[in-house]
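Peer 1: One structure is given below, represented as structure tokens, and several questions about it will come after.
The values are calculated or read from the model by the stated rules, or taken from the named source; none is laboratory data. Not measured: the values here are computed from a predicted model. Note: ideal-geometry Cβ built from the backbone for every residue, glycine included; neighbour counts use all protein chains shown. Ligands, DNA and RNA are excluded from the accessible area calculation, which covers all protein heavy atoms including side chains. Shrake-Rupley method; radii C 1.70, N 1.55, O 1.52, S 1.80 Å.
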Amino acid sequence: MTVTSDIKLPEDKPLVIDGRVYSSRLLVGTGKYRDLMETGHAIEASGAEIVTVAVRRTNLGQNPDEPNLLDVISPERYTILPNTAGCYTAKDAVRTCRLARELLDGHNLVKLEVLGEEKTLYPNMTETLAAAEELVNDGFKIMVYCSDDPLLAKRLEEMGCIAIMPLGAPIGSGLGIQNRYNIRLIVENATVPVLVDAGVGTASDATIAMELGCDGVLMNTAIAQAQDPIRMAHAMRLAIESGREAYLAGRMPKKRYASASSPLDGTFF
Ligand SMILES: CC(=O)[C@@H](O)[C@H](O)COP(=O)(O)O
């Protein structure tokens with residue numbers, strides 16, 4: 001990255017998912033927009049290169065008479081990440097991933113989410129582990145939505161999941177990162193990318209996730225339900241970049257007391 005014509009900062013290592021290199025660390029969803037046009041414009045403004053779609057709720061060709069999302073979000077330009085939103089059992093999630101693979105011509109990269117209950121949409125980790133095991137054995141590359149429990153996150157990695165996606169807060173809540181300490185522990189222990197998924201409400205939440213060392217952030221509601229989704233998508237793009245730069249720069253240690261900005265030694269009077 002160039003700061004002025006003379007100063008060059010070292011290049012960051014890129015985000016690599018399933019062997020593919022991405023320059024954007026922002027992943028976006030496609031739900032809750034006013035229409036497909038707004039969806040397309042917001043995704044464009046976000047700079048995202050990976051776009052997740054809920055297979056059970058989105059027409060990817062299942063219904064030839066309805067508008068197809070893939071006409072707006074072209075698989076030639078974006079990596080389509082089918083997700084299992086709306087699945088409450090491992091069985092349903094596995095079936096949904098297999099349907100996605102059929103609809104997308106053998107596409108194996110999926111985002112697994114198995115939900116526990118409607119009120120919190122919190123992940124059901126028992127069912128998530130069961131689904132992950134079956135899908136890994138069936139050749140899927142799994143990015144997995146999970147709780148922010150560091151031990152379960154590690155377990156999913158050991159099972160062969162290619163990215164760990166702990167929630168920042170409940171889906172659609174916009175509450176921001178609720179447990180920074182756990183997210184940090186998950187990042188420290190992981191050897192695969194860790195991306196916060198769900199709960200981001202505004203740009204500063206995304207920046208915090210990146211400052212914690214996450215490899216990326218996936219979000220939907222914060223952009224789609226902003227008053228100006230396209231502008232918010234752009235804000236999120238900048239927030240992710242800014243948080244990543246701050247993480248790489250390394251923040252100053254926090255102190256309990258003040259220290260003067262100008263040294264007192266050698267004052268003129
Ligand atoms: C889009 C997606 O895959 C979900 O996991 C979720 O919708 C993201 O959460 P937010 O809507 O809270 O960003």
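Peer 1: Label points 7 Å out from Cα along the Cβ direction at Leu103 and Val21: separation in nm?
Peer 2: 3.2 nm
Peer 1: With a ≥ b ≥ c taken as the square roots of the eigenvalues of the C-alpha gyration tensor of region 16-123, please select rounded if a/c is under 1.5 and otherwise prolate if a/b is larger than b/c or oblate if it is not?
Peer 2: The shape class here is rounded.
Peer 1: Want the number for Glu134 to Leu151: 0.36 nm per residue separation, take away the alpha-carbon distance, what's left?
Peer 2: Stretched fully, the Glu134-Leu151 segment lengthens by 4.1 nm.
Peer 1: Further question: For the chain, what is the charge dipole size about the Cα centre, in debye to the nearest 20, if Lys and Arg each add +1 at the Cβ and Asp and Glu each add -1 at the Cβ?
Peer 2: Computed charge dipole of the chain: roughly 640 debye.
Peer 1: Here's another thing I want to ask about it. What are the trypsin sites (Lys or Arg not before Pro) within region 186-269 that DSSP puts in a loop, where the Cβ has at most 13 other Cβ atoms within 10 Å?
Peer 2: Arg251, Lys254, Lys255, Arg256
Peer 1: For the chain, build the charge dipole from Cβ charges (+1 Lys, Arg; -1 Asp, Glu) around the Cα centre, then report which of Asn124, Pro170, Leu99 sits farthest towards its positive end.
Peer 2: With unit charges placed on the Cβ atoms, the residue in question is Pro170.
Peer 1: Which of rounded, prolate, oblate describes region 144-269, given a ≥ b ≥ c as roots of the alpha-carbon gyration tensor eigenvalues and a/c under 1.5 marking rounded, otherwise prolate only if a/b is larger than b/c?
Peer 2: oblate
Peer 1: Hey, another quick one. Can you list which of the GluC sites (Glu not before Pro) found in region 85-166 are DSSP loop residues with at most 10 other C-beta atoms within 10 Å?
Peer 2: Loop-located and lightly packed - Glu117, Glu118.
Peer 1: So, one more: Would you mind telling me the share, in percent, of accessible area of region 15-248 contributed by carbon and sulfur at probe 1.4 angstrom?
Peer 2: Percent of accessible area from carbon and sulfur atoms in region 15-248: 47.
Peer 1: When the helices in the chain are scored as -39500 (n - 2.57) per DSSP H run of 4 or longer and the sum is shared across all residues, what 222 nm value do you end up with, to the nearest 500 deg cm²/dmol?
Peer 2: Here the helix-only value at 222 nm equals -10500 deg cm²/dmol.
Peer 1: At 0.36 nm per residue, minus the direct Cα-Cα distance, what do Tyr122 and Phe268 gain on full extension? Give it in nm, one decimal, please.
Peer 2: 46.4 nm
Peer 1: With a cap of 15 neighbouring Cβ atoms within 10 Å, and only residues DSSP puts in a loop, list the GluC sites (Glu not before Pro) found in region 11-80.
Peer 2: Listed in order of number, the matching sites are Glu11, Glu76.
Peer 1: Which is farthest toward the positive dipole end of the chain among Pro64, Pro193, Gly40, measuring Cα position about the Cα centre, with Cβ charges +1 (Lys, Arg) and -1 (Asp, Glu)?
Peer 2: The Cα lying farthest towards the positive end belongs to Pro193.
Peer 1: When DSSP beta bridges are limited to those with both residues in region 15-248, what percentage is antiparallel, rounded to the nearest 5?
Peer 2: 15 percent
Peer 1: Let me ask something additional. Region 39-94 to region 112-130: how many Å between their Cα centroids?
Peer 2: So the two Cα centres are separated by 20 Å.
Peer 1: Now for a different question. Sort Met236, Met125 by heavy-atom solvent-accessible area, probe 1.4 angstrom, most to least.
Peer 2: Met125, Met236
Peer 1: Contact order normalised by length for region 15-248, with contacts defined as Cα pairs under 8 Å and 6 or more residues apart; what percent is it?
Peer 2: Computed value for region 15-248: 20 percent relative contact order.
Peer 1: Subtracting the Cα-Cα distance from 0.36 nm times the residue separation, let me have the gained length for Thr191 to Tyr88 in nm, one decimal.
Peer 2: 34.3 nm
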